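Derivation of every value follows stated rules applied to the coordinates shown; laboratory data play no part. On a predicted model such as this, the values are computed, not experimentally measured, just so you know. For neighbour counting, all protein chains shown are included, and Cβ atoms are generated from backbone atoms with ideal geometry for every residue, glycine included.
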Amino acid sequence: MNLEIKGKYALVTGGSHGIGRAVALALAGEGVNVAICARKPDAVQKVVGEIENFGVKALGISADVAVSADIKRVMDTIISKWGTVHILINNVGGGGRWGQPLVENTEEKVWFEVFEKNAGAAIRFTNWAIPFMRRQKWGRVVTITSIYGREGGGRPWFNAAKAYETSMMKTLGMMKEYARDGITFNSVATGGVMIPDTGWEKEAKENPEKFKETMDREYPLGRLGTPEEVASVVAFLCSEKASLVNGASIAVDGGQGRSF
């Protein structure tokens, strides 16, 4: 399928590994020029090379989205090099395993740190991108959330941050000023995804029998998803083919979630 986005310019936050990397490569495969930002310079440059293998332009910027000056530097670099942005993927986030199982045993700062890492970054990057998208009468903003931004479960600080992101995409999508300028806002609510060097991989190695039992009990497919499976949906949402999908929260979870 031709997604009709060849030649567009995209930013994928947290694009050096996992879902962010997979999305960056999926967009590059469609002919999109892709910028990524992440904290580790070596990982960023490795993915830049992978993007360039598709014959498109690539930018890699080492940045910590918890630092306002770093976010501004990412924005300034992209505009100085490319002059605009057509596609924004708010992927950077995490914190689902931060803190303790009981709220009273978790420091208050965890709530705010998780919010900033997820919703705070999405707010800043989205506010930056909208004016460029409005001027060119076309734009796509996709935020990677979680099934725990749609339903109960998980740790409350993570749910709160992801629910905020889900609500933000829905509310922006309902605004006719943006919709009639050709901009769509959607969220992709992921279930469990196997990403190297994360908690899931650690659990699978340390206690394979328990991990297998969890997969059989909680996951209809009997396995976790892959970053590439998520990226395929994200790429479609960025396309001309998805012009009627706006303000949606799309579960990409293999049936794991419990909401309708």
Practice problem: Mind sorting Arg150, Arg140 by how few other Cβ atoms lie within 10 Å of their own Cβ, fewest first? | Solution: Arg150, Arg140
Quiz item: In cubic angstrom, how much convex hull volume per residue do the alpha carbon atoms of region 158-250 span?
Solution: 114
Practice problem: Can you tell me the FRET efficiency between Leu102 and Glu228 if r is taken as the Cβ-Cβ distance and R0 is 45 Å, rounded to the nearest 0.05? | Solution: 0.80
Quiz item: Only one of the listed values, (1) 28, 20, 19; (2) 37, 19, 16; (3) 40, 19, 15, was derived from the coordinates as semi-axes √(5λ) of the Cα gyration tensor in Å; which label is it?
Solution: (1)
Self-check item: Pair Glu52, Glu218: separation of 7 Å Cα→Cβ label points (nm)
Solution: 4.0
Quiz item: Which entries of Lys46/Lys170; Lys57/Lys117; Lys170/Lys202; Lys81/Lys170; Lys6/Lys40; Lys57/Lys241 show an alpha-carbon separation above 25 angstrom in the structure shown?
Solution: Lys46/Lys170; Lys57/Lys117; Lys170/Lys202; Lys81/Lys170; Lys6/Lys40
Exercise. Please give the peptides 247-254, 31-38, 236-243 ranked by average Cβ packing (other Cβ atoms within 10 Å per residue), highest first, as a rough proxy for protection.
Key: 31-38, 247-254, 236-243
Exercise. Would you mind calculating the gained length between Ala69 and Lys170 on full extension (0.36 nm times residue separation, minus the Cα-Cα distance), in nm to one decimal?
Key: 33.6 nm
Exercise. Answer with one residue from Val12, Asn186, Ser243: the one whose Cα lies farthest towards the positive end of the charge dipole of the chain, charges on Cβ with Lys, Arg +1 and Asp, Glu -1.
Key: Ser243
Exercise. Just need the relative contact order of region 38-153 here, percent rounded to a whole number, with Cα pairs under 8 Å and 6+ apart.
Key: 26
Quiz prompt | Point-to-point label distance, Leu244-Lys81, nm (Cα→Cβ direction, 7 Å offset) | solution = 3.7
Quiz item: Using helices alone, what [θ] at 222 nm do you get for the chain, with -39,500 (n - 2.57) per DSSP H run of 4 or more residues, divided over all residues and rounded to the nearest 500?
Solution: -13500 deg cm²/dmol
